[in-house]
1. Just for strands (runs of 3 or more DSSP E) wholly inside segment 134-233: which have at least 2 residues that are touching a residue at least 60 places away in the same chain (Cβ under 8 Å) and under 16 Å from residue 23 (Cβ atoms)?
2. Going through segment 110-130 one residue at a time, which ones are surrounded by 22 or more Cβ atoms within 10 Å (Cβ to Cβ) and β-branched (Val, Ile, Thr)?
3. Looking at 191, 220, 185, 170, which one is under 22 Å from residue 37 (Cβ atoms) and either aromatic (Phe, Trp, Tyr) or surrounded by fewer than 23 Cβ atoms within 10 Å (Cβ to Cβ) (or both)?
4. Can you name the condition, by its number, that residue 170 falls short on among (1) out of contact with any Lys or Arg (no Cβ under 6 Å at 6 or more places or on another chain); (2) more than 27 Å from residue 27 (Cβ to Cβ); (3) among the acidic types (Asp, Glu)?
5. Against the condition assigned to a helix (DSSP H, G or I), crowded, with 21+ Cβ neighbours inside 10 Å, polar (S, T, N, Q) and free of Cβ contacts under 8 Å to residues at least 40 places away in the same chain, how does residue 73 come out, does it pass?
Amino acid sequence: MHHQLQKKTTKKLLSNMKKLIAPSLLSADFLHLSKDVEMINGSNADWFHLDIMDGVFVPNISFGIPVVKAVKSLAKKPLDVHLMIVEPDRYFEAFRDAGADIITFHYEASTHIHRSIQKIKSLGMKAGVVLNPHSPVALIEDILCESDLVLLMSVNPGFGGQKFIERTFDKIVKLRSMIEVQKLDTLIEVDGGVSVNNAKQLFDAGADVLVAGNAVFKSDNPVKTIDILKGVL
């Protein structure tokens, strides 16, 4: 009974989350990371997005557990940890201990999606599946009911600053339809090439969470840019 109540409460909490912005620390200034974390804390951003890259699943290496832990020590908002790594299951607990509130892992990197999602949830975190640009949303139809969120990559994962893949709009619309048919509260997150020029379109198409890296950190006024992305300016 308690579990059912907890599940209903979680669903209600998730259903209230709309038009969220998750600045990607991949684009932050690593020499002054605490400054950028404090900027996000004081802004209208909702989550911190942290891209973990292993140089195997994606052709780049970013940062790992010590950086997540350091960010957590200052962060006043949830840590959305995106694992772009092979064998993600091996690290769920370590990232939980480092401070992750949400973990997303790639459909393409996991053999047992259901088991992975259950493991993340059992560790007390929100769980999500990530789809690369080439992966159709139909692949996750049978796991949607277990997922707190689905992250659609709108660029090929590995590097910031890439051009947005327009096909993503169709994928968002299809995924939103699948979520509604199943009467779920699963969130749709979009990562890659998000800017002030396409944010409204992405939200209108059915996205709930936008990851923004260069758009925020390379702008003249990051705090104002976050407000523009959220549609409050």
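Every number here is computed from the coordinates shown, using simple stated rules; none is lab data. As the structure is a prediction and not an experimental result, all values here were calculated from the model. All Cβ positions, glycine included, derive from the backbone under ideal geometry; neighbour counts span all protein chains shown.
1. Passing ranges, in order: 187-191, 209-212.
2. 120, 129, 130
3. 220
4. Evaluating residue 170 over (1) out of contact with any Lys or Arg (no Cβ under 6 Å at 6 or more places or on another chain); (2) more than 27 Å from residue 27 (Cβ to Cβ); (3) among the acidic types (Asp, Glu) leaves (2) as the failure.
5. Values: assigned to a helix (DSSP H, G or I): yes; crowded, with 21+ Cβ neighbours inside 10 Å: no; polar (S, T, N, Q): yes; free of Cβ contacts under 8 Å to residues at least 40 places away in the same chain: yes.
Taking the combined requirement at face value, the residue does not satisfy it.
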